[in-house]
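Undergrad: Let me begin by handing over the structure; questions about it come next.
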Amino acid sequence: MSTVQIAKGGLQVRSRGPGGQKPARARRSRGVTMGALVAPSLVLIVLINAYPLVYAAIQATHDSTLISSGPYVGADNFSAALSDPAFWKAARFTLYFTLVGVFGSWAVGLGLTLLLRSGVPGRSVFRVLLLLPWVVPVVVSATSWNWLANTHDSPLPTLARVLGFGDVLFLADPTLAALTVFAFKVWVSFPFMMMTTSAALEAVDQNVYEAARMDGASSFQQFFHITLPLIARPTYISWVLMTIFCVNDFPTIFLLTGGGPVDATNSLVVYAYRLVFQDFRPGYGIAVAFLMTAVLSGVAAVLFRQIRKAAR
Amino acid sequence: MNTYTHNRSYGRWLRFAVLALITAVALVPLGAVVLLALQPRAGTGETGLTLSTLSYVLTDTGATTWLGNSLLAALISTAAAVVVAAPAGYVLSRGRGKAVSGYSLALFLVQSFPVVVFVIPLFILFAKLDLADSITGLTIVYVAATMSVACWMMAAYMDSIPVSLEEAAWIDGCSLASGFLRIVLPNSLPGVLSTAIFSFLLAWNDYLVALVFLRSTDKFTLPIGLQTFFQQNSTDWGPVMSVAVLMMIPPILVFAALNKFFSVGGIGGSLAGQ
């Protein structure tokens, strides 16, 4: 048997699939096995993800309540959302939240990674400690931030008073509440960016810097002309992932401010949740969520295409 | 030369100080949780740091039940996610053709919808099956919610295992399935651990699904149970933060033990069509 195979050459052997069967039969049995391996996940995806999506799409075209689907209204929910000022306000806040979440946490994460890589004593300890904000459940950290900032007697307002800023209520003033939510998001997300950037920098060939130093490049020049271009691809990927995380992020905002005060920190996801579970208008809420997802998937698809084209 | 090294070590300690300061500030919210958990309860007359609030929470409130529910949901969904995603990841990694890339795209599409869209239909469906107010139902949703990322993570890791290993086994008469089970899977431990960590954290940290699904107090998971401690006007922070401490210990332990296996880079790579 083995002599025959050797005589036929390596390629022939390779085309014989698993189990040493003949190609046609092998291909079929290969397909069957592949199908069997994928089947459990497929069943889950269809039942727990695809079915609810279809159901939700039907709800979005009806003037539905939580338990019954109500009369068919076509695209009314969608057009109502597009002319709803609260929708656009939430869309604008989602945009700011995402921009700050992506670039704020990236800047902090990259800065800390560079600091950690600069030969600081005890860096492995710092590396682990700095991951904690991301590892700890958001429910816990939101509770803690609430304790820190919520009332007149909380530590941060007290600190602000002592420093002479007067009476600062972080979560009651619309602008300050938005800034607090941004700060919270950056605080939760920078460790993720630290992990991705440090993995990316790990892969960079150190000889490049040696060469650059010999040519007299300052560390500033090295950073902008070598480091950033060399980690461009993983950086773009982490931006896209973080964009998806930010747009879909419900608990961070909901647990800290609930979308308030006066809707100042209402993002689209929180708005959709409130429409469904507080105003009991699931059709409208789902329409809002669908519009958001459509834009998000479009943005993500374009960015992924860019990544595939650019960094080759 | 001497001043040069002197300056360098001076800079080193300056950077150390900056880093230490940033780390300290970043950890203030978490330190606060631990310190507050060690405060005596209001009205007990105790002073100083004490473990009595923690033991009160564990013995006299629902916290032990919630801890059990959370652990059960997180551990079972982690195990199930790995068992289901590992073979699917293998297919995504090794399979070619329209069906496979279509499945990959479907996973991406499903993942891009926010959870808010899924919860109502799922709640209605699960209510009919008597699974809505139950840990079983919650666990099923968690497994499905991790599926996309879990499959990508497994596929991304298996991409790094050379196909020639399996081909050698095939020539020896090994079937595709046993090639996966005996060759690829045992070599995928880091991928499996990475997937497991991700699934565990997702299930453990979930707030929204549990918020919608769970109605009865004895079915609560920790994030939902925690909210019951908040009072309208004056919250007693000791018990709240004791529950919070219970919630943050397992993920920290998991990460402390396994963080070197956790890689998020691979997912992005496989998404962008590595």
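Readers should treat all values here as calculations from the given coordinates under stated rules, not as data from a laboratory. Quick caveat, the model's predicted, so the values are computed rather than measured. In this analysis, Cβ positions are derived from the backbone assuming ideal geometry, glycine residues included, and neighbour counts consider all displayed protein chains.
Undergrad: Taking each full run of DSSP H in chain A as one helix, which ones are at least 27 Å long along their axis (Cα atoms) and have mean Kyte-Doolittle hydropathy of at least 0.0?
TA: Sorted by number, the helices that extend far enough and score high enough are A:23-44, A:174-202, A:282-310.
Undergrad: What relative contact order, as a whole-number percentage, does chain B give when Cα pairs under 8 Å and 6 or more residues apart are counted?
TA: On the way: 289 pairs, mean separation 83.7, N = 274.
Relative contact order for chain B comes out at 31 percent.
Undergrad: When N counts the residues of segment B:146-190, how does its alpha-carbon radius of gyration compare numerically with 2.2 N^0.38 Å, as a ratio?
TA: Values: Rg = 11.3 Å, N = 45, 2.2 N^0.38 = 9.3 Å.
Taking the Cα Rg and dividing by 2.2 N^0.38 Å, one obtains 1.21.
Undergrad: For chain A, what does the relative contact order come out to in percent, with C-alpha contacts under 8 Å and a separation of six or more? If you can, show how the numbers build up before the last one.
TA: On the way: 315 pairs, mean separation 76.5, N = 312.
Reported relative contact order: 25 percent.
Undergrad: Mind pulling the angle between the C-alpha long axis of helix B:237-258 and the longest principal axis of chain B? Nearest 10 degrees, somewhere in 0 to 90.
TA: Relative to chain B, helix B:237-258 is tipped by roughly 30 degrees.
Undergrad: At each listed q (0.16, 0.19 Å⁻¹), what is the log10 of I(q)/I(0) that the Debye formula gives for segment A:170-303 modelled as equal alpha-carbon point scatterers?
TA: For segment A:170-303, the Cα-only Debye profile gives -0.91, -1.08.
Undergrad: Determine, for B:LYS219, A:LYS185, A:LYS89, B:LYS260, the number of other Cβ atoms within 10 Å of each Cβ, and report the residues in order from fewest to most.
TA: On the way: B:LYS219 21, A:LYS185 24, A:LYS89 15, B:LYS260 8.
Fewest to most other Cβ atoms nearby, the residues stand as B:LYS260, A:LYS89, B:LYS219, A:LYS185.
Undergrad: In whole Å, largest first, what are the principal axis extents of the Cα atoms in segment A:61-122?
TA: 67, 26, 14
Undergrad: What is the Cα coordinate range of segment B:116-274 on the first, second and third principal axes, sorted by size from largest, in whole angstrom?
TA: For segment B:116-274, the Cα extents along the three principal axes come out at 70, 39, 28 Å.
Undergrad: Can I ask one more? Along its three principal axes, how long is the protein assembly as shown when you only count alpha carbons? Whole Å, largest extent first please.
TA: 88, 82, 52
Undergrad: Separate question: Which far-off residues, 5 or more places away or on another chain, put their amide H under 5 Å from the one on A:HIS62, with H placed in the peptide plane?
TA: Amide H neighbours of A:HIS62: A:VAL73.
Undergrad: Given a cut-off of 25 Å, what percent of all Cα-Cα pairs of chain A lie beyond it?
TA: 66
Undergrad: Short version: what are the Cα gyration tensor semi-axes of segment B:3-156, square root of 5 times each eigenvalue, largest first, in whole Å? Don't skip to the answer; put the middle values down first.
TA: Details: eigenvalues 344, 222, 34 Å².
Semi-axes (√(5λ), whole Å): 41, 33, 13.
Undergrad: Also, quick follow-up: Per residue and in Å³, how big is the convex hull formed by the alpha-carbon atoms of segment B:174-248? Walk me through the intermediate numbers first.
TA: Numbers: hull volume 9.8 nm³, N = 75.
With only Cα atoms used, segment B:174-248 gives 131 Å³ per residue.
Undergrad: Going by Cα centres, segment A:28-75 and segment A:244-307 are how many Å apart?
TA: Here the two parts' Cα centres lie 21 Å apart.
Undergrad: Moving to a separate point now. May I ask for the percentage of alpha-carbon pairs in segment A:64-201 that lie more than 20 Å from each other?
TA: Values: 6019 of 9453 pairs.
Considering segment A:64-201, 64 percent of its Cα-Cα pairs are separated by more than 20 Å.
Undergrad: Ranked from highest to lowest mean number of other Cβ atoms within 10 Å per residue, what is the order of the peptides B:101-109, A:244-252, A:176-184? Present the calculation step by step, with values, prior to reporting the outcome.
TA: Working: B:101-109: 15.9, A:244-252: 22.1, A:176-184: 19.4.
Descending mean neighbour count gives A:244-252, A:176-184, B:101-109.
Undergrad: For segment B:164-170, in order, what is each residue's ³J(HN,Hα) by Karplus, 6.51 cos²θ - 1.76 cosθ + 1.60 with θ = phi - 60°, in whole Hz (x at glycine and Pro)?
TA: Residue by residue, segment B:164-170 yields 4, 4, 5, 4, 4, 5, 4 Hz.
Undergrad: Could you line up A:PHE103, B:PHE123, B:PHE220 from fewest to most neighbouring Cβ atoms inside 10 Å?
TA: Numbers: A:PHE103 14, B:PHE123 20, B:PHE220 23.
If I rank by nearby Cβ atoms, fewest first, I get A:PHE103, B:PHE123, B:PHE220.
Undergrad: What does the charge count near B:LEU138 come to, summing +1 for each Lys or Arg and -1 for each Asp or Glu among other residues with Cβ under 15 Å from its Cβ?
TA: Numbers: positive: B:ARG215, B:LYS219; negative: B:ASP130, B:ASP133, B:ASP206, B:ASP218.
With Lys, Arg at +1 and Asp, Glu at -1, the neighbours total -2.
Undergrad: Next up: Using the Kirkwood formula on the Cα atoms of chain B, what hydrodynamic radius do you get, in angstrom to one decimal? Write out the running numbers ahead of the final one.
TA: Values: mean 1/r = 0.0457 Å⁻¹.
Its Kirkwood hydrodynamic radius stands at 21.9 Å.
Undergrad: While we're looking at this one, here's another question. Could you grab the Rg to Rh ratio for segment B:95-157? Cα atoms only, Kirkwood for Rh.
TA: On the way: Rg = 14.1 Å, Rh = 13.2 Å.
Ratio of gyration radius to Kirkwood radius for segment B:95-157: 1.07.
Undergrad: What's the exposure ranking of B:GLU167, A:GLU210, B:GLU46, going from fewest to most Cβ atoms within 10 Å?
TA: Sorted ascending by nearby Cβ count, the order is A:GLU210, B:GLU46, B:GLU167.
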